[in-house]
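S.K.: Questions regarding the structure given below will be posed in turn.
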There are 2 protein chains.
Amino acid sequence: MRSIEDILAAFTDDTLLPPIGSKGILILSGGMDSVTLLHFLVKERKCTMSAISFDYGQKHAKEISFAKKHCEALGVKHHVIALPFIGSLFESALLETGAAIPDGHYQEENMKQTVVPNRNMIMSAIAVGYGQSTGASFLALGVHAGDHAIYPDCRAEFVDALRHAIELSDWNPFTVFAPFQRMTKVEILEIGLQLSPPVDYGETWTCYKGGEKACGTCGSCQERLEAFAKIGIRDPQGYDK
Amino acid sequence: MRSIEDILAAFTDDTLLPPIGSKGILILSGGMDSVTLLHFLVKERKCTMSAISFDYGQKHAKEISFAKKHCEALGVKHHVIALPFIGSLFESALLETGAAIPDGHYQEENMKQTVVPNRNMIMSAIAVGYGQSTGASFLALGVHAGDHAIYPDCRAEFVDALRHAIELSDWNPFTVFAPFQRMTKVEILEIGLQLSPPVDYGETWTCYKGGEKACGTCGSCQERLEAFAKIGIRDPQGYDK
């Protein structure tokens, strides 16, 4: 594994890393990316973080219980905000009201069904409003380079445009940092495993299905398994197959 | 009064007016600006509109009942979305949990208390997600030129930045029109009164307080009264004083 310093050296610019010791708000899904980002900001950047998880009618809320555990362990204030209107008014296969989750790789056309319209802007806007009312100065987003291929609102152009709008949304300075924006899942994992103490990935949830164990077959599980395989470490999470 | 055509001629560019007959979503507060915009888009631009009103823990929900009436009269689909987390987690004098509403003109420093952090981005993001999931192609915003002085998220720069982010939020084309963005309250009123049939402003709610009648003294009431006075028409709404 490369060191955290080496990974960061290749990717850092001033839109990626919040100042040491600054106060921020993070959208915490309970998946690998946002959990790693929270640990990274608290342990490496010494930031004072709050976290918000959203219950928008996903097929399961397992990941939210993992989000809660990490916040408790890190002493981070955590709120769960319900967005029931997304389930009742919006259409997407990610939602309880939607179609079955498709198997297969993210790149495939059928994964476009899993897009929840404008999800990232909705969650970001709420997190920013909360952050602004509590004196934070930035929103941290866990988007990464592997996301953009199917989700329009994970693209770097979108994040840049969102940052610009957020910077104009208040009289006080407030911005967006997406430290992993140009990193792969492998690089995120390398960072998380080298934090002190390392992130326990057995306590994260990536699978799109809500089984007792992760399915190992959906696009999200496949991407996770490939990342662990690439750095030659066994995923501490159990799988159905 | 100037004609609608004359007013529009002075302000129109392609970020202001949706194409005739297009499908849009509008954030409808039940106040003068958004109610006028809904009537204008349906009657003058022949748009197929849906409307969303937000209950974010305002001190009163009177304006929402007016919003509902206008949608019923126009045959427009209307949803009310509750955002209870704003009242429980955010701080603002506009909210039930906040301080008393200050009297006096909008320009005054004390009206800054009435800002709900990032309110316009939150409401816009949700409305856009709903619009995208129902095949609409634009969000209509009722922001106007008088807004910007105290609300950072009513400024033209903010609306332009928000539009850019929204245009990148989906693979399908989706944009933002703010037809009144460069107009004064007087011009909005002139448009509404000349629509066929004209907007019934007795069925709108502008006052920031939740009394039986409008107070006539808060910044919002004063601005409304001045607009009616300028065009020499009596406000059909009764006032406390």
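S.K.: Would you kindly work out the equivalent ellipsoid of region B:147-197 from its C-alpha gyration tensor and give its semi-axes, the square roots of five times the eigenvalues, largest first in whole Å?
M.R.: Output for region B:147-197: semi-axes of 26, 17, 6 Å.
S.K.: Using each residue's phi in region A:65-75, evaluate 6.51 cos²θ - 1.76 cosθ + 1.60 at θ = phi - 60° and report the 3J(HN,Hα) Karplus result to the nearest Hz, with x for Gly and Pro.
M.R.: 5, 5, 4, 4, 4, 5, 5, 4, 5, 8, x
S.K.: Moving on. Across every pair of different alpha-carbon atoms, what Kirkwood hydrodynamic radius in Å does chain B reach?
M.R.: Hydrodynamic radius (Kirkwood, Cα only) of chain B equals 18.1 Å.
S.K.: Taking 25 Å as R0, compute the FRET efficiency from the Cβ-Cβ separation of B:Ser65 and A:Ser88 and round it to 0.05.
M.R.: After rounding, the FRET efficiency stands at 0.75.
S.K.: Here's another thing I want to ask about it. Placing a label point 7 Å from Cα toward Cβ, how far apart in nm is B:Asn172 from its equivalents in the other copies, listed shortest first to one decimal?
M.R.: Reported distances to equivalent positions: 3.9 nm.
S.K.: Could you tally up the Lys pairs in region A:19-230 with alpha carbons closer than 17 Å? Skip any pair fewer than 8 positions apart unless they're on separate chains.
M.R.: Total qualifying Lys-Lys pairs in region A:19-230 comes to 15.
S.K.: With only alpha-carbon atoms in the gyration tensor, what are the semi-axes of the equivalent ellipsoid for the protein assembly as shown, in Å, largest first?
M.R.: 44, 23, 19
S.K.: Principal axes first, then extents: for the Cα atoms of region B:128-241, list largest minus smallest coordinate on each axis, whole Å, largest first.
M.R.: Computed over region B:128-241, the largest-to-smallest principal extents equal 52, 33, 26 Å.
S.K.: Tell me which residues come under 5 Å, amide H to amide H, from B:Ala82 once H is placed; ignore anything under 5 positions away on its chain.
M.R.: Residues meeting the criterion, in which the H sits 1.01 Å from N, are B:Asp55.
S.K.: For chain A, what relative contact order do you get, as a whole percent, if you take Cα pairs closer than 8 Å and at least 6 residues apart?
M.R.: 25 percent
S.K.: Using each residue's phi in region A:228-235, evaluate 6.51 cos²θ - 1.76 cosθ + 1.60 at θ = phi - 60° and report the 3J(HN,Hα) Karplus result to the nearest Hz, with x for Gly and Pro.
M.R.: My calculation for region A:228-235 gives 4, 4, 5, 9, x, 10, 6, 5 Hz in order.
S.K.: Let me ask another. Taking each residue in A:127-134, count the Cβ atoms of any other chain within 10 Å of its Cβ, then average. What number comes out?
M.R.: Average neighbour count from other chains, rounded to a whole number: 6.
S.K.: Moving to a separate point now. Could you state the number of Å between the C-alpha centres of region A:172-229 and region B:162-221?
M.R.: 43 Å
S.K.: Give the long-range amide H neighbours of B:Ser50: residues separated by 5 or more places, or on another chain, with amide H under 5 Å away, using H modelled in the peptide plane at 1.01 Å from N.
M.R.: Answer set, sorted by chain and number: B:Gly24, B:Ile25, B:Leu26.
S.K.: If each residue's Cβ is checked for other Cβ atoms within 10 Å, how do A:Glu190, B:Glu203, B:Glu226 rank with the fewest at the top?
M.R.: With the sparsest Cβ surroundings first, the list reads B:Glu226, B:Glu203, A:Glu190.
S.K.: Collect residues whose amide H, placed 1.01 Å from N in the peptide plane, falls under 5 Å from the amide H of A:Val176; neighbours closer than 5 in sequence don't count.
M.R.: Distant-sequence amide H within range of A:Val176: A:Leu139.
S.K.: Mind giving me the FRET efficiency for A:Ile20 and A:Ala73? R0 is 22 Å, r the Cβ-Cβ distance, nearest 0.05 is fine.
M.R.: 0.55
S.K.: Here is a further query. At 222 nm, what helix-only mean residue ellipticity would the protein assembly as shown give, in deg cm²/dmol to the nearest 500, using -39500 (n - 2.57) for each DSSP H run of four or more?
M.R.: Taking each H run of at least 4 residues, the total per residue is -11000 deg cm²/dmol.
S.K.: Here is a further query. ³J(HN,Hα) across region A:181-186 via Karplus (A = 6.51, B = -1.76, C = 1.60, θ = phi - 60°), whole Hz, x for Gly/Pro?
M.R.: 3, 10, 9, 8, 4, 4
All of the numbers you see were taken from the coordinates with simple rules; none came from a lab. Because the structure is predicted, anything quoted here is derived from the model rather than measured. No Cβ is skipped: glycine too gets one built from the backbone with ideal geometry, and neighbour counts run over all protein chains shown.
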